[in-house]
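Q: Structure provided below as structure tokens; questions to follow.
The values are calculated or read from the model by the stated rules, or taken from the named source; none is laboratory data. No experiment lies behind these values; they were computed from the predicted model shown. Using ideal geometry, Cβ is built from the backbone for each residue, glycine included, and neighbour counts are taken over all protein chains shown. We work out accessible area using only protein heavy atoms, side chains counted, and drop any ligands, DNA or RNA first. Shrake-Rupley method; radii C 1.70, N 1.55, O 1.52, S 1.80 Å.
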Amino acid sequence: MTTGSVKLLGVWASPYVNRVEIALKIKSIESEFIQENMLNKSELLLKSNPVYKKIPVLFHDEKPICESLVILQHIDEAWPSGPSILPSDPYDRAIARFWASYIDEKWYPLVVDFTNAEGKEAKAAVLEKMSEGNLLLEEAFIKISKGKSFFGGDRIGYLDIVLGSLLGWVKSIEMMYEMKILDETKMPSLAEWDERFCMDNVVKDIIPQPEKLVEVYRKYINKKKATSN
């Protein structure tokens, strides 16, 4: 059984940090949370992740591990006695990694692009691309879940953590722009999954409330403008 100190460097509002928190909770791993300031990055962050200079960073026995997807896989491998996060079947594991990459590299960047798009036409163009991506995720969920509650089957697994960690920010953007990203009329299966995920005891105290994230976002933008002047 793996032992040793576990520390997590991050901020509570980061979905990528939330991923690691969920994985640690699934495995019943006690950890110390170290709060980072992303507007004035600490020496600890810069030394432990000199390539990307991003959170989260997991310290396992004082050894830093960076990038949320890498950290999830490390936790699953380092603590094999707890519930599995990644699928046990090699093919299913590869498929989960494929869709995790799609979510981080293609789908969620479109959500960010929507907030940055200026004008109705630009936002409408991004929304159209998002709708296409949503349908792909709906189809992926139906196929991977095989009629069960989660991507991981009967309980939350790797893909649930990857996509579910983003739901707080997705809903905060829906609130700020008075629109719907996860439209239950177009992606009913994923919308139902969304409700199950957010109500699950493993995550409901970790994923921040959208109202709090809206407040955090506005404060962050104001501070960023102040520091750039």
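Q: So which pairs qualify, if the first residue must be in region 14-31 and closer than 22 Å to Lys54 by Cβ and among the charged types (D, E, K, R), the second must be part of a helix (DSSP H, G or I) and modelled with pLDDT of 95 or more, the Cβ gap must be under 6 Å, and the two must be at least 6 apart or on different chains?
A: Arg19/Ser68; Arg19/Ile161
Q: Also, I was wondering about something else. Got a number for residues in region 32-52 being open to solvent by less than 20 Å² (accessible area, probe 1.4 Å) and out of contact with any Pro (no Cβ under 6 Å at 6 or more places or on another chain)?
A: Applying the first criterion (open to solvent by less than 20 Å² (accessible area, probe 1.4 Å)) to region 32-52 yields 36, 45, 48-49.
From what's left, out of contact with any Pro (no Cβ under 6 Å at 6 or more places or on another chain): 36, 45, 49.
Matching residues across region 32-52 total 3.
Q: Since Lys146 meets every condition but one in (1) closer than 18 Å to Asn18 by Cα; (2) touching a strand residue (DSSP E or B) at 6+ places or on another chain (Cβ under 9 Å), which condition does it not meet?
A: Single failed check for Lys146: (1).
Q: Which condition number in (1) aliphatic (A, V, I, L, M); (2) within 17 Å of Tyr158 (Cα to Cα); (3) part of a helix (DSSP H, G or I) is the one that Val112 fails?
A: (2)
Q: Hey, another quick one. Go through (1) open to solvent by less than 20 Å² (accessible area, probe 1.4 Å); (2) under 28 Å from Val11 (Cα atoms) for Ala140 and report which single condition fails.
A: Unmet for Ala140, out of (1) open to solvent by less than 20 Å² (accessible area, probe 1.4 Å); (2) under 28 Å from Val11 (Cα atoms): (2).
Q: Name every residue in region 186-229 that is outside any helix (DSSP H, G or I), touching a residue at least 24 places away in the same chain (Cβ under 8 Å) and open to solvent by 80 Å² or more (accessible area, probe 1.4 Å), in order of residue number.
A: Lys186, Gln209
A quick yes/no check of all residues on (1) touching a helix residue (DSSP H, G or I) at 6+ places or on another chain (Cβ under 6 Å); (2) under 23 Å from Tyr177 (Cα atoms); (3) open to solvent by less than 20 Å² (accessible area, probe 1.4 Å):
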{"position": "Lys54", "(1), (2), (3)": "no, no, no"}
{"position": "Leu58", "(1), (2), (3)": "yes, no, yes"}
{"position": "Pro80", "(1), (2), (3)": "no, no, no"}
{"position": "Asp89", "(1), (2), (3)": "no, no, no"}
{"position": "Leu110", "(1), (2), (3)": "yes, yes, no"}
{"position": "Asp113", "(1), (2), (3)": "yes, yes, no"}
{"position": "Lys120", "(1), (2), (3)": "no, yes, no"}
{"position": "Asn134", "(1), (2), (3)": "no, yes, yes"}
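Q: To continue, here is another question. I'd like to check something: does region 15-25 contain any residue that is touching a Pro at 6+ places or on another chain (Cβ under 7 Å) and either open to solvent by 10 Å² or more (accessible area, probe 1.4 Å) or not aliphatic (A, V, I, L, M) (or both)?
A: Yes, there is a match, as at least one residue in region 15-25 is touching a Pro at 6+ places or on another chain (Cβ under 7 Å) and either open to solvent by 10 Å² or more (accessible area, probe 1.4 Å) or not aliphatic (A, V, I, L, M) (or both).
Q: Of the residues in region 157-185, how many are hydrophobic (A, V, I, L, M, F, W, C), outside any helix (DSSP H, G or I) and under 19 Å from Tyr102 (Cβ atoms)? Steps first, answer last, please.
A: Within region 157-185, the subset hydrophobic (A, V, I, L, M, F, W, C) is 159, 161-163, 166-167, 169-170, 173, 175-176, 179, 181-182.
From the residues that got through so far, the ones that are outside any helix (DSSP H, G or I) too are 166, 179, 181-182.
Subsequent filtering for residues that are under 19 Å from Tyr102 (Cβ atoms) retains 166, 181-182.
Total satisfying the criteria: 3.
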